[in-house]
Amino acid sequence: MQAMDSLDSGLFSLSRSFCTSLAIFVQIQGCAICLILAIGWVFAAYVRNREIKRMRDSMRLGNSFAFLCHDINELEHSRQASLPRVSVVMPLKGFGEHNLHNWRSQITSLYGGPLEFLFIVESTEDPAYRAVSMLISDYKGELDAKIVVAGHSTTCSQKIHNQLVGVEKMHKDSKYVLFLDDDVRLHPGSIGALTAEMEKHPEIFIQTGYPLDLPSGSLGSYCIYEYHMPCSMGFATGGKTFFLWGGCMMMHADDFRYNRFGVVSGLRDGGYSDDMTLAAIAGAHKQLITSPPVAVFPHPLASDLCFSRYWNYLRKQTFVLESYTSKINWIMNRALFASHCYLSWGFVAPYFMAVVHVTAALRAYIKRYPQDETNMTSCGLVLAGCLTFCTTCELLSMWNLTKIEVQLCNLLSPEAPQLSLASYNWCLVFIAMLVDNFLYTICAIRSHFSQSINWSGIRYHLTDGKISKIDRGKELGPKYTDLGGKNLHGRKASPPKTRFISSLARMLVQWHQPKKYDV
């Protein structure tokens, strides 16, 4: 009994300490972060919803092809015949459950101009090589597509190497090049919409888009969905943005042919991340990046996405901030690193404090402690109530944006199975918010001190922000990619199920041995 009284006394003291000026500031800051995110998602939802209304208005006026273009006159043969040639470059690695569907959505585009598809693999041993070969044979004579074996990268990441080889092999008359990840599910009119914007605004340097994650039900998949959501507001501007997603990038082909702004050399000479490198080049040369409102793509996550694969994905994302192209880029990455770490734990800390406040109040009420004995104030409960209100606003705003993006995707792909919001578990979304923000800082610090990362069985080492050494070998990496669960080395077996606690334990073991384990 005395032990319980002592525990209660400590709980009351902790609750009172969370009502000091500094603690109140931290809790108010947490509420502010929730409200800022909610407002950002409201604006993003407005931009996406405006596009939905435009499409529906066009359909009411008799345009049955509003999912391709707002003006049906653009589908006239004379206009379609004058469309520029586009080369689609897709760097591949492994083969998973969603790849075939994604590839079909890419090659069955309804773009009316000349179009070629270049599937780039590291070697013929890659499981993607055989799968793509069979896919192309199914469409033989119906599309211009080929597989290119790029070989091993030596000065940059394998993805960048594949992209640059694809650019070298593209048609000499191509005006634009579109880089797509193999986990992107395109809409029939996506290539046409991106090309139309490039033609209308030739000053655009890069056009990009963003994925709409479709969680598979595991906590890891919801953590990835939650990780991507704050960035989605930066892509839902309906025009100019400073953000760039490597999964979808359309650029002028001549920028690569003539190495304008150093795009080829910047990527080739030690480049680790394609989107971060190109975004840095765009910023340094004051070039325009845009994201049209229709550039949102369904991104189904692997059904067996376990927590350890989420951790590995987060490691790769935080490791991006360790690469840089210039001193200014390094300063910006350090500022982003510091602010993201601060805000992540600044977001989580108030929830811990709120739990203490509510628990202390419940103990005082259940045990009927006298007020003078607990010496508690209503301050803690007021702060906990404010946090509850702000969190509710944040989740409602996130739900609303996701609902609108689901509607937009359904309108843009009327022939595809319709997406639904019913599969989203919002309790898991809330848990994922706490888990992801808590782990981000730990992961970012680990990435900073390791200066090496394992990406699909290849370990990259950085020196002065650029890749300086590459180690290869099947024993170095996992058998499956993080988000798509793609098999990297051959026949797929059942992956081991990793639980949350064991994943955290393994992460702590790996902390001091970054080169021994596949992280």
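Only residues that are open to solvent by less than 10 Å² (accessible area, probe 1.4 Å) and aliphatic (A, V, I, L, M) were counted across the stretch 130-185, and they come to 7.
Among the residues of the stretch 94-104, those that are open to solvent by less than 50 Å² (accessible area, probe 1.4 Å) and touching a Ser or Thr at 6+ places or on another chain (Cβ under 8 Å) comprise Gly94, Gly96. Scanning the stretch 173-199 for residues that are modelled with pLDDT of 95 or more and basic (Lys, Arg) yields one hit, Lys175.
Which residues, taken from the stretch 220-251, are polar (S, T, N, Q) and open to solvent by 40 Å² or more (accessible area, probe 1.4 Å)? Hit for the stretch 220-251 is Thr237, nothing else.
Would you check if Leu321 is in a helix (DSSP H, G or I), within 19 Å of Glu168 (Cα to Cα), within 23 Å of the chain's Cα centre (by Cα) and of a type in the set (A, V, I, L, M, F, W, C)? Taking the combined requirement at face value, the residue does not satisfy it.
Give the stretch 28-82 a look and list any residue that's closer than 15 Å to Thr237 by Cα and open to solvent by 90 Å² or more (accessible area, probe 1.4 Å), or say none. Ile39, Phe43, Tyr46, Arg50 - these are the residues of the stretch 28-82 that are closer than 15 Å to Thr237 by Cα and open to solvent by 90 Å² or more (accessible area, probe 1.4 Å). Here Arg315 meets each of (1) open to solvent by 10 Å² or more (accessible area, probe 1.4 Å); (2) modelled with pLDDT under 95 with one exception, condition (1). Residues in the stretch 337-390 that are closer than 20 Å to Thr20 by Cβ, modelled with pLDDT of 90 or more and among the hydroxyl-bearing types (Ser, Thr, Tyr): Tyr342, Tyr351.
Looking across the stretch 288-312 at every residue that is part of a strand (DSSP E or B) and aliphatic (A, V, I, L, M), the one that is most open to solvent (accessible area, probe 1.4 Å) is identified as Leu288.
The values are calculated or read from the model by the stated rules, or taken from the named source; none is laboratory data. Only a predicted model underlies this, so the values are computations on that prediction, with no experimental measurement involved. Note: ideal-geometry Cβ built from the backbone for every residue, glycine included; neighbour counts use all protein chains shown. Each accessible area value is taken on the protein alone, full model and side chains, heavy atoms only, with ligands, DNA and RNA left out. Shrake-Rupley method; radii C 1.70, N 1.55, O 1.52, S 1.80 Å.
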